[in-house]
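Participant: Handing you a structure now.
The values are calculated or read from the model by the stated rules, or taken from the named source; none is laboratory data. Remember, it's a predicted structure, so these values are computed and weren't measured experimentally. For neighbour counting, all protein chains shown are included, and Cβ atoms are generated from backbone atoms with ideal geometry for every residue, glycine included. Areas reflect the complete protein model, heavy atoms only, side chains present, ligands, DNA and RNA absent. Shrake-Rupley method; radii C 1.70, N 1.55, O 1.52, S 1.80 Å.
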Amino acid sequence: MTALGSAKTVKTTCPYCGVGCGVLATPRADGTVAIAGDPDHPANFGRLCSKGSALGETLSLEGRLLHPEIGNRRSSWGEVLDLVAARFREAIEQYGPDSVAIYGSGQLLTEDYYVANKLMKGFVGSANIDTNSRLCMASSVAGHKRAFGSDTVPGNYEDLELADLVVLVGSNLAWCHPVLYQRLAAAKAERPDMRVVLIDPRRSSTADIADLHLPLRSDGDSALFVGLLGHLARYGQVDANFVAQHTSGAEAALLLAEDWPLDRVAEATGAAAADIATFYDWFAKTERTVTVYSQGVNQSASGTDKVNAIINCHLLTGRIGRKGMGPFSVTGQPNAMGGREVGGLANMLAAHMDFTPEAIDRVGRFWQAPNVATKPGLKAVDLFSAMARGDIKAVWIMATNPVDSMPDADAVRAAFEACPFVVVSDMNAKTDTGHHAHVRLPAAGWGEKEGSVTNSERRISRQRPFLALPGKARPDWWIISEVARRLGHSAAFPYRTPGDIFAEHVALSSFENDGTRDFDLAGLSGADYAAIQPTQWPVRTKPSARMFGDGRFFTPDQKARFVPVVPPPPIRPAPGSFVLNTGRVRDHWHTMTRTGKAARLSAHYAEPFLEIHPADAERLNIRRATLVRVSNARASVTLRAVVTDRQPQGQVFAPMHWTDQFASNGRIDSLVAAKTDPVSGQPALKMARVHVEPAGTRLFGFFVATQSPALTSDYWAIAPVNGGTRGELAWFNEPEDWIAWLKENFHLPANASIKTFNDDRAGRRNFAVLEDGRLILALYTSPDPVIVSRQWATTLLTKTNLSASVVLAGRPGADTPDPGATVCSCFSVGINTITAAIAKDGCDTVEAIGHCTKAGTNCGSCRPEIRRILASAMASLSQTRS
Ligand code: SF4
């Protein structure tokens, strides 16, 4: 990578989650980039989480796609753009505009999104443009529109700090929106009266700051909030004035809610009646209440109803649009909101306008487009089904990896095989989706591209470049515009810079608006694009622009709508099967195309895993750290068993991140049915039915190596470490010839000297290959999960003057303490170091541990885990003493 111009600090925005933190990036003379939180950015005020802090470690050009490719041959931009345009034109002419599609991403910048949406909906004449944001927050969009008449997030992040009660529903804020969690945790520490309620089947890391945790059955949320609505009405907690003047439909919603008394809610949700009563009591009595919800609400076949069940409670109490209160959807992707703003979902037209005759006419006149799509296009799940049927003749995938992230992922993979022409724009040369592409287009990445993003509180921030475009990589807006020109639309796509596009986006938002639409950037009209500061819409002079404070909504009568909600039956565990919940881990992002490059982000979890309750594990004879097979009629995956009582019985949890690039068989969404919410089209990614059983592996292995091998073991998972790669392995049958296996898998030279240690009685074999005192490869195998310290073993790759005997021994010498599994990624502090600080140094607070070990003193993302380790260590210490 090459710095852009002279090295200076550039203000930009983090490319990961919807918190949208400001980042200061400073290219250094040695080619690396220093990353720090921007103290002036109103989303994070200088904070960054582990992922944001490690951004500088994800910028290498290793694995980048640097040239356009047709098939497996390198091409020129001229040739490849001509081909893409020709194949799209051919399909449109022969089969009509709905035979082509674009599938985009919340990683696209607003300017990229705008141009893609304009091309499809304005000039191709089809609304077949959808995005991975469909998987993330489509139900929130639909719920907002039903209640408010517009897709509007009413509140600000500051409201979480000002509230007296924060209710977190289906949100592991600590891991998925860490800086927002840190802001909330800091506010709670300052105001001990503040309460936090966590509503989640799992006792996630966010439970660390919760005063009350309600472990509901999957999909129990609607019953809980419908019951709450009835409770609020029964106990007179109704803002009658607000309801009368600013809402409609309360009677119908309340009529349904009457049928949900406390005991019925408890029976349906599985939560204790006393805990539900406490929650209801707190909610009823606390004026300043914010309800934060995320994927646990949205990723459901009844997600839109859940959103409205929550909003109903805020409407009934009039708690919306004021300080410290309101329903608050936090988005997963960095620019899911920007995508919504341009209309990048198949059921939106543009600039928060729908497919009404007036809007179609208005947008058509604005774009001077004669061929504006007149009806919604295919939503993500329907889009890939249409591909599988052969209805889509050409598809263009941008900045996303649907072969891994879509439900029924194997069927989606098959759909790509069925599609006659697949274009993939990506930064990376190898992704599971790119593997199926006829054409691969090298897209510019974070730090190279320029544009804007909108975070979960409607704040538009600039992403600014600080690195030169590598190879032939180009920004997405440029690529799309070039194809549009080749399709004959030069006049409509004249853009020379992303600033040109942003100006048009601003103009469309305010075109014939006059306050009739929520999304209006008129205040940014004529702004100096280069200098735009983080700006919340609606663009006003006041720094805190909450929506709906005046009680006026974007419905025809300006009243908010109550939506009557009938709770679906919550998903109960069935005999012999589990409910599979899926989600994120702290240090990885989506399909790991960026975070999978950073050694320290891969240290926290280095392989795909399944969390299972101890009682379930015992019943199924699943031992800790062994491998399990998780299967159903759709697929079967192999994961490491993590036995933990943080997971409820009858349910299991697995992360969404692992792909075929990092593990032999860990694509978790291959198990998930393509069942969707009927209103939003968002898939239910968190509640698949699966069977779990021991995988039956005979032999386990662990290696560290200077190279990234091509592995043939029955199970493998690899992760980067400083100086090379680490990996977990397993076999159903031991290889007959170990030396041949090592040479084949690690491409060792024929004359490589392989040192071995065999413990025939225990069935363990260790192997080491060194060159001039430096380690090339160490492999440890055992019939049980290998107990070699991963932390210690990975340090061997950077050591000199090593001897084979030290490597083969498989454990640190007495003078080298084993730090244990990584807890703090920023300072590589392991669990053993933390427990030693507690037991030996008497550290009895998270702060004291930080002082002693540095753990948790940078980004703070690991502080919930440190607190948990502390609590458990203190409990065993006090047991020992008594
Ligand atoms: S919370 Fe972390 S991942 Fe999210 S925007 Fe901030 S630094 Fe990035």
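Participant: Grab the beta carbon distance between HIS851 and TYR235, set R0 = 56 Å, and tell me the FRET efficiency rounded to 0.05. Could you put the intermediate results ahead of the total?
Facilitator: Details: r = 47 Å, r/R0 = 0.84.
Using R0 = 56 Å, I get an efficiency of 0.75.
Participant: Would you kindly calculate the mean projected area, averaged across all directions, of the convex hull enclosing the Cα atoms of the range 782-882, in square nanometres?
Facilitator: 8.2
Participant: Before I look further, what does the range 364-477 give for accessible area per residue, probe 1.4 Å, in whole square angstrom? Working shown, then result.
Facilitator: Numbers: 3290 Å² over 114 residues.
For the range 364-477, the per-residue accessible area is 29 Å².
Participant: Let me ask another. Quick one: which of 235-244, 450-459, 784-793 comes out on top by average Cβ neighbours within 10 Å, and what's the full order, highest first?
Facilitator: Top to bottom by mean Cβ count within 10 Å: 450-459, 784-793, 235-244.
Participant: Here is a further query. Counting only heavy atoms of protein chains, what accessible area per residue, in Å², does the range 22-107 have with a probe of 1.4 Å?
Facilitator: Accessible area per residue, the range 22-107: 41 Å².
Participant: Order of 81-93, 183-195 by packing, highest average Cβ count within 10 Å first?
Facilitator: 81-93, 183-195
Participant: Kindly state, to the nearest 0.05, the FRET efficiency for GLU512 paired with GLN245, given R0 = 30 Å and r defined as their beta-carbon distance.
Facilitator: On the way: r = 28 Å, r/R0 = 0.94.
Step by step, r from the Cβ atoms, then E = 0.60.
Participant: ASP841 accessible area, nearest 10 Å², 1.4 Å probe?
Facilitator: Surface accessible to solvent at ASP841 totals approximately 100 Å².
Participant: So which lysines can LYS188 reach, going by Cα to Cα under 20 Å and dropping same-chain residues fewer than 8 places off?
Facilitator: Output for LYS188: LYS285, LYS323.
Participant: What is the set of long-range amide H partners of VAL829 at a cut-off below 5 Å, with H atoms built 1.01 Å from backbone N?
Facilitator: When sequence neighbours closer than 5 places are left aside, the close amide H contacts are VAL823, CYS824.
Participant: For Cα pairs less than 8 Å apart in space and 6+ apart in sequence, what is the mean separation divided by the residue count of the range 584-651, i.e. the relative contact order in percent?
Facilitator: 32
Participant: Sticking with this structure for a sec: Over the chain, what percent of the accessible surface lies on carbon and sulfur atoms, probe 1.4 Å? Can you show the working numbers first?
Facilitator: Working: 15670 of 31110 Å².
C and S fraction of accessible area: 50 percent.
Participant: Tell me which residues come under 5 Å, amide H to amide H, from VAL721 once H is placed; ignore anything under 5 positions away on its chain.
Facilitator: Here the answer is ARG726, since their amide H atoms fall under 5 Å of that of VAL721.
Participant: Something else: How big is the chain on each of its three principal axes, counting only the C-alpha atoms and giving the largest first in Å?
Facilitator: So the three principal-axis extents are 80, 72, 53 Å.
Participant: So, one more: Which whole-angstrom value gives the distance between the alpha carbon centres of the range 440-508 and the range 846-882?
Facilitator: Measuring centre to centre over Cα atoms gives 45 Å.
Participant: Fully extended, how many nm does the chain gain between SER803 and ALA186 (0.36 nm per residue separation, minus their Cα-Cα distance)?
Facilitator: On the way: separation 617, 0.36 × 617 = 222.12 nm, distance 4.86 nm.
Contour length minus the Cα-Cα distance gives 217.3 nm.
Participant: Based on the alpha-carbon gyration tensor of the range 528-579, what equivalent-ellipsoid semi-axes (square roots of 5 times the eigenvalues) come out, in whole Å, largest first? List each step's numbers first, then the result.
Facilitator: Details: eigenvalues 354, 106, 15 Å².
In descending order, the three semi-axes are 42, 23, 9 Å.
Participant: Contour minus end-to-end for ALA34 and GLN558, with contour as 0.36 nm per residue of separation and end-to-end as the Cα-Cα distance?
Facilitator: Full extension from ALA34 to GLN558 adds 183.8 nm.
Participant: List the relative contact order of the chain as a percent without decimals, with contacts defined as Cα pairs under 8 Å and 6+ residues apart.
Facilitator: The value is 15 percent.
Participant: For PHE732, put the label point 7 Å out on the Cα→Cβ axis and report which residues of the range 676-703 keep their amide N under 12 Å from it.
Facilitator: 695-698
Participant: Tally Lys and Arg at +1 and Asp and Glu at -1 over the other residues with C-beta under 11 Å from the C-beta of MET337: what net charge comes out?
Facilitator: Taking every Cβ under 11 Å from that of MET337, the sum is 0.
Participant: Classify the range 95-159 from the C-alpha gyration tensor, please: rounded if a/c falls under 1.5, else prolate or oblate depending on whether a/b exceeds b/c.
Facilitator: It comes out prolate by the Cα gyration axes.
Participant: Spin-label point model (7 Å from Cα, Cβ direction): what's the GLU62 to GLU358 distance in nm?
Facilitator: Placing both labels 7 Å beyond Cα along the Cβ direction yields 5.7 nm.
Participant: Around ARG89, with a cut-off of 13 angstrom between Cβ atoms, what is the net charge of the other residues, counting Lys and Arg +1 and Asp and Glu -1? Before the final figure, lay out each step's value.
Facilitator: Working: positive: ARG87, LYS393, ARG485, ARG486; negative: ASP82, GLU90, GLU93.
So the surrounding residues net to +1.
Participant: Here is a further query. Sketch the reach of a paramagnetic label on ALA752 as a point 7 Å from Cα along Cα-to-Cβ, and name the residues of the range 764-792 whose backbone nitrogen lies under 19 Å away.
Facilitator: So the set is 765-782.
Participant: Roughly how many Å² is the accessible area per residue of the range 538-656, as a whole number, for a 1.4 Å probe? Show your work: numbers first, answer last.
Facilitator: Details: 4610 Å² over 119 residues.
Ligands and nucleic acids excluded, the result is 39 Å² per residue.
Participant: By the scheme Lys and Arg +1, Asp and Glu -1, what is the net charge of all other residues having a beta-carbon under 10 Å from that of PRO475?
Facilitator: -3
Participant: Gap in Å between the Cα centre of the range 174-234 and the Cα centre of the range 715-753?
Facilitator: Their Cα centres are 45 Å away from one another.
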